[in-house]
Amino acid sequence: MAVTLRDVGKRAGVSSMTVSRVINGREGVDVETQKKVEEAIEALDYIPNRIARGLTSQKTATIGLVIPDVVNPFFSPVVRGAEMTARKAGYRVLLCNTEGDLRLERDYIEDLVAHRVEGLLLAPANDQSRHSVFPLLRRDFPLVLLDRALPDLDSDLIVSDSATGARRLVEHLIAVGHRDIAHITDADDTSTGRERLRGYREALAAAGIAFREELVFRTTVDQIGGYRAAQHVLDLERVPTAIFTVNNMTVVGAMQALRECGMAVPDDMALVCFDDVEHLAVLSPFLTVIDQPAETFGSLGAQLLLERISGKAGKRSRRIVLQTDLIVRISCGSKSGVPLRS
């Protein structure tokens, strides 16, 4: 049986109310009584029930963070940024990984709300996530969307300028001599996939290069998806000279497919992607990427959410667009092997 406030009070010879005062750091308890309570807590291994406390105070000092892929290196600093900001404000973060599954995402959201989190940070699985979010917004539940926008949804939102980032990446490929550029991208039901495809098309149009639908490969945004899509790229009658992948997971799969075919990057195929992989970049400065400020997604998202929880935010939703960096390394086929940031 779990140890209760009453058990602690009985051992210390005080009331449950006094135990509660000690646990919550309230005034009105003398030093000797506080010591007795603390000794009883230690002896009984009592762990305060934050949910039970929240039933009374309506405050649990917890927020939920729901992400679609905990394996994706992009989300690690997102979680770190959110957790650090929340902790400084006295909040804890409950992390849930949906693996891009809408049903699991809905269940996690319902569980978090049932456990009385005070707000929610959500990186949606895809556009259909709005069906799980609409009920929260109708109740004015504090919510901030991260990385992906949702159609017809008026909510606080933090995204990066994906279209501009993709355009700059493809413009660089064109500048170093590439004309046939394949794009491995997400399904059409995510805002990031749509925006990066738009940037890809804008760069081609600006250079007078015709857009070819057969060079766009939609897949799952993971290593397997990148691998399979790259195999299709290599099966084309006219094989491109460069591949732009939608994120850092698909680029790993694409690299695997290229190596299995005996192709070297960048000698036989240029390869670029969205999102840097920090630890890999230190070990081998190889991939040309568009780098997003991932930790800022988390820290700024948590800040906006805490403002919404405290009532400091206005009624109007806030949309923040973070800028990206182009980091040029050798995988693009550039003659320079020295990383450049622009």
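Of the residues 7, 180, 275, 235, the one with the fewest other Cβ atoms within 10 Å heads the list, and the complete ranking is 235, 180, 7, 275. Using Cβ point charges alone (K and R +1, D and E -1), the dipole size of the chain about the Cα centre works out to roughly 1180 debye. Each principal axis of the Cα atoms in the range 66-174 has its own extent, and those three values, largest first, are 52, 32, 23 angstrom. Between 0 and 90 degrees, the angle of helix 294-310 with respect to the longest Cα principal axis of the chain falls at about 40 degrees. In terms of overall dimensions, the range 188-236 has a Cα radius of gyration and Dmax of 12.0, 33 angstrom.
Rg and Dmax over the alpha-carbon atoms of the chain stand at 25.0, 84 Å. Angle of helix 191-206 to the longest C-alpha principal axis of the chain, folded into 0 to 90 degrees and rounded to 10: 30°.
Take every pair of alpha-carbon atoms less than 8 Å apart whose residues are at least six positions apart; their mean separation over the length of the chain yields a relative contact order of 17 percent.
The residue list 123, 257, 31 was ranked by how far each Cα lies along the charge dipole of the chain toward its positive end, using unit charges on Cβ atoms, and 31 comes out on top. Ordering 42, 83 by the number of other Cβ atoms within 10 Å of each residue's own Cβ, fewest first, gives 42, 83. Can you tell me the 0 to 90 degree angle between the C-alpha axis of helix 223-234 and the longest principal axis of the chain, rounded to 10? So the inclination is approximately 10 degrees.
Remark: relative contact order (the range 5-48) = 41 percent; criterion is Cα-Cα distance under 8 angstrom and separation of 6 or more residues. Placing unit charges on the Cβ atoms only, positive for Lys and Arg and negative for Asp and Glu, gives the range 95-164 a dipole magnitude near 180 debye about its Cα centre. The charge dipole of the range 182-318, taken about its Cα centre with unit charges on the Cβ of Lys, Arg, Asp and Glu (plus for the first two, minus for the last two), comes to roughly 760 debye.
Computed from the coordinates by the stated procedures, all read-outs in this text should not be read as laboratory data. Given the structure is predicted, the values throughout are model-derived calculations rather than measurements. Heads up, the Cβs are rebuilt from the backbone with ideal geometry, glycines too, and the neighbour counts pull from every protein chain shown.
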